[in-house]
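*Asks:* Let me give you the structure first, and then I'll get to my questions.
The values are calculated or read from the model by the stated rules, or taken from the named source; none is laboratory data. Computed from a predicted model, the values in this text were never measured in an experiment. Every residue, glycine as well, gets a Cβ built from its backbone with ideal geometry; the counts of neighbours run over all protein chains shown.
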Amino acid sequence: MTKPRNYKTEAIIIKKTRLGEADRILTFLTPHLGKIQGVAKGVRRPRSKMSGHLELLTHSQVSFARGKNLDTVTGSQTINSFFRIKNDLELISYALYITELVNKFTEYNIEDYSLFNLLLETLFNLEQSSNKELTLRYFELHLLDHAGYRPQLHHCVTCRCSLKAVTSYFSLKAGGILCPKCSTTQPNTISISSNSRRLLRLLQDSDYSILPDISIKTSTAAEAESILRSYIKYLLERDIKSAAWLDSVKRQRQKS
């Protein structure tokens, strides 16, 4: 069946790239088409009527005309601009980190309605939540689940034994927790306290509504962040570019 030349979809803009003097190639995450790209012609001109509706991190209704190589954006209407995020440097750094992860862990044209909802819900929570770090940890864990890399946090990935309330180890290669005995046989392991293990399990097995009820030590939060960052870097085999900026913004905020 021939696809219609023109189509419309809800979308979140997760990446933009300059093209020529006035155009942009935009990357969108959509609920039913997956990750797609489109050319927004003339959108960088000062008088462009679409520019405000096609900003990074914007949730919009976007119209396209199919093209030979890339589809062309023919119209757009903002659903949610996430104004609070875009007017807070720290929130922007969190949001760009999230969208970079989405871009790195997804292929084009693969429908994933629940991933679209996860991203949308995470942007909402960044605006509303008082604990942005837990929001990021929740997102990382559930994105890994969507990508097929759900870390095993409930038992030892090698011997399958139950994990006791002692320091154990996270294996980057095996993608989960190792008991102290099995950790001696695996490379690329990171020690993980029982508190961090419980936190990650709770976030993995819950929805966002649990976040306001969680109270943790700074050291536990930092350890959980380090473990997930290391695992993500191992899987992607590269650094996340936006992570360095995110860390820099957080350090500046702590000093002020």
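*Asks:* Hey, does segment 132-141 have a residue that's crowded, with 16+ Cβ neighbours inside 10 Å, among the aromatic types (Phe, Trp, Tyr) and more than 26 Å from Phe82 (Cα to Cα)?
*Replies:* The answer is no; no qualifying residue exists.
*Asks:* Give segment 205-232 a look and list any residue that's in a helix (DSSP H, G or I) and more than 15 Å from Glu140 (Cβ to Cβ), or say none. Can you show your working first?
*Replies:* As a first pass, look at segment 205-232 and keep what is in a helix (DSSP H, G or I): 205, 208-213, 218-232.
Across segment 205-232, the qualifying residues are Ser209, Ile210, Pro212, Asp213, Thr218, Ser219, Thr220.
*Asks:* Which one is farthest from the chain's Cα centre (by Cα) among residues in segment 54-88 that are more than 18 Å from Val39 (Cβ to Cβ) and touching a residue at least 60 places away in the same chain (Cβ under 8 Å)?
*Replies:* Once the filter is applied, the top-ranked residue is Ile79.
*Asks:* Hey, another quick one. Pull out all pairs, ordered by first then second residue, where Cβ-Cβ is under 9 Å, the residues are six or more apart or on different chains, the first lies in segment 230-256 and is within 22 Å of Ala147 (Cβ to Cβ) and aliphatic (A, V, I, L, M), and the second is part of a loop (DSSP other than H, G, I, E, B) and at pLDDT 90 or above.
*Replies:* Filtered contacts from segment 230-256: Ile232/Tyr149; Ile232/Ile240; Leu235/Tyr149; Leu235/Leu172; Leu235/Gly175; Leu246/Ile240.
*Asks:* Name the residue that is surrounded by the fewest Cβ atoms within 10 Å (Cβ to Cβ), counting only residues in segment 87-110 that are among the charged types (D, E, K, R) and in a loop (DSSP other than H, G, I, E, B). Full working, then the answer.
*Replies:* So in segment 87-110, the residues among the charged types (D, E, K, R) come out as 88, 90, 100, 104, 107.
When the remaining residues are screened for being in a loop (DSSP other than H, G, I, E, B), the result is 88, 107.
Working: Asp88: 15, Glu107: 9.
Only one residue fits best here, namely Glu107.
*Asks:* Here is a further query. Looking at (1) assigned to a loop (DSSP other than H, G, I, E, B); (2) in contact with a Cys (Cβ under 7 Å, 6 or more places away or on another chain); (3) not hydroxyl-bearing (Ser, Thr, Tyr), which one does Ile177 not meet, given that it meets all the others?
*Replies:* Here Ile177 meets the rest and fails (1).
*Asks:* Look at segment 30-64 and say how many of its residues are among the β-branched types (Val, Ile, Thr) and not in a loop (DSSP other than H, G, I, E, B). Give the steps one after another, and end with the answer.
*Replies:* Residues of segment 30-64 that are among the β-branched types (Val, Ile, Thr), as a first pass: 30, 36, 39, 43, 58, 62.
Now restrict to residues that are not in a loop (DSSP other than H, G, I, E, B): 30, 36, 39, 62.
Of the residues in that region, 4 qualify.
*Asks:* Phe170 is checked against (1) part of a loop (DSSP other than H, G, I, E, B); (2) touching a residue at least 60 places away in the same chain (Cβ under 8 Å) and fails just one. What number does that condition carry?
*Replies:* (1)
*Asks:* Still on this structure: Any chance segment 58-78 includes a residue that's in contact with a helix residue (DSSP H, G or I) (Cβ under 9 Å, 6 or more places away or on another chain), among the hydrophobic types (A, V, I, L, M, F, W, C), surrounded by 14 or more Cβ atoms within 10 Å (Cβ to Cβ) and in the same structural domain as Lys16 (by TED's automatic domain parsing)?
*Replies:* The first filter runs over segment 58-78 and keeps only residues in contact with a helix residue (DSSP H, G or I) (Cβ under 9 Å, 6 or more places away or on another chain), leaving 58-62, 75-78.
Add one more test, that the residue is among the hydrophobic types (A, V, I, L, M, F, W, C), and what stays is 62.
Subsequent filtering for residues that are surrounded by 14 or more Cβ atoms within 10 Å (Cβ to Cβ) retains 62.
Filter once more, so that each one left must be in the same structural domain as Lys16 (by TED's automatic domain parsing): 62.
Checked segment 58-78: at least one residue is in contact with a helix residue (DSSP H, G or I) (Cβ under 9 Å, 6 or more places away or on another chain), among the hydrophobic types (A, V, I, L, M, F, W, C), surrounded by 14 or more Cβ atoms within 10 Å (Cβ to Cβ) and in the same structural domain as Lys16 (by TED's automatic domain parsing).
*Asks:* Kindly provide the set of residues from segment 67-86 that are at pLDDT 95 or above and part of a loop (DSSP other than H, G, I, E, B), ordered by number.
*Replies:* Answer for segment 67-86, where residues must be at pLDDT 95 or above and part of a loop (DSSP other than H, G, I, E, B): Ser81, Phe82.
*Asks:* If you don't mind, another one. Only one residue in Leu235, Leu246, Leu202, Leu144 is assigned to a helix (DSSP H, G or I), modelled with pLDDT of 90 or more and in contact with a helix residue (DSSP H, G or I) (Cβ under 6 Å, 6 or more places away or on another chain), so which one is that? Spell out how you get there, then give the answer.
*Replies:* On the way: Leu235 fails: in contact with a helix residue (DSSP H, G or I) (Cβ under 6 Å, 6 or more places away or on another chain); Leu202 fails: in contact with a helix residue (DSSP H, G or I) (Cβ under 6 Å, 6 or more places away or on another chain); Leu144 fails: in contact with a helix residue (DSSP H, G or I) (Cβ under 6 Å, 6 or more places away or on another chain).
Only one candidate qualifies: Leu246.
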